[in-house]
């Protein structure tokens, strides 16, 4: 029977409050303020700050903020902008009240049908595996609703009017810009494409690098996952031995909320917390691996604590590991046997050489003996 062991990590930012984090500040250039939903005054935004639902960020002059959103998108916000993060019923949402931002979504991290919404005063843009720039402009008439320009650098974005109920969705493709108030879709001129990135620092030739940052963050955790899944304490299938390793993982990697292992039937073996074992056989990420996928991953609402979580699952074939260990032992044993045979060969060769030398000496002695006997015989006749 093919026995497997899986190590699962639930990746969540470590927070001091029960409210789940929506994102984390990964870059801050200049100054920005953070206003919490609770009745507290605005405070300076800091690098690595967690952003919670309805937190509002205001960027100052000559400032730039970048936020990793839900482990799947990077949001870059220009100077003199106001935005809020939220978790709507259907999708994670970024509300841009004023200013300009770019959103780069890693399609590989999105679930089927999942999208990140960008909401402005007059538009709702559904972003899936896309690089898009959204800008809120002042209204042409004082007191009117601000306008929105949506420029798509890669992928396709579905846009609907937020100020008109029942309006049809407009598909904006790569290289196009949509003027929401004018309901006008046109192609971006090359010069316009270049200039639109000027105040966001990152040029269009680096958009792949933006998405790669998200991929690299996940890949780093996957690599660590596989390394730990191959450890003897994990492969041993002993809950006590596994717990030592799992506790070490949670202690060393602050973004990890929970680490645990499962058997092929989905039953829980070891855990890093104090909860009793559970059965995870019905989870999508478990089914992915059991159907042959090298890695299981899923974004879920944790049944343990009700918080959103990115779950990564790696698999280790215990039989294969044992086979590799046995092969290693066999190679070691064969090496010892070869060494012994080489010693025996050397001894045998030495023995044969000595036997040849002894044979020559024996032959010489016989010839001398014959000569002596011949001499004695001739002497007696005389």
message = Taking a virtual spin label 7 Å from the Cα of residue 80 along the C-beta vector, which residues in region 35-71 bring their backbone nitrogen under 13 Å of it?
response = 59-63
note = region 123-179 -> Rg/Rh from Cα coords, Kirkwood Rh, value 0.99
note = Here the FRET efficiency for residue 244 versus residue 219, based on Cβ atoms and R0 = 25 Å and rounded to 0.05, is 0.45
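Going by average Cβ neighbours within 10 Å, how do the peptides 144-154, 71-81 rank, with the highest at the top? Kindly include the intermediate steps, with their values, before the conclusion.
Values: 144-154: 19.6, 71-81: 21.6.
Top of the packing list down: 71-81, 144-154.
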query = Tell me, Kirkwood radius of region 14-210 from alpha-carbon pair distances, in Å?
reply = 17.0 Å
ask   = How far, in nm, would the chain grow between residue 167 and residue 144 when pulled straight, counting 0.36 nm per residue and subtracting the alpha carbon separation?
value = 6.4 nm
note = Contour minus Cα-Cα span, residue 363 to residue 36, at 0.36 nm per residue, comes to 107.0 nm
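Every number in this text was worked out from the coordinates using simple rules, so none of it is lab data. Everything numeric in this text was worked out from a predicted model, so none of it was measured. Neighbour counts are summed over all protein chains in view; Cβ atoms, including those assigned to glycine, are modelled from backbone coordinates with ideal geometry.
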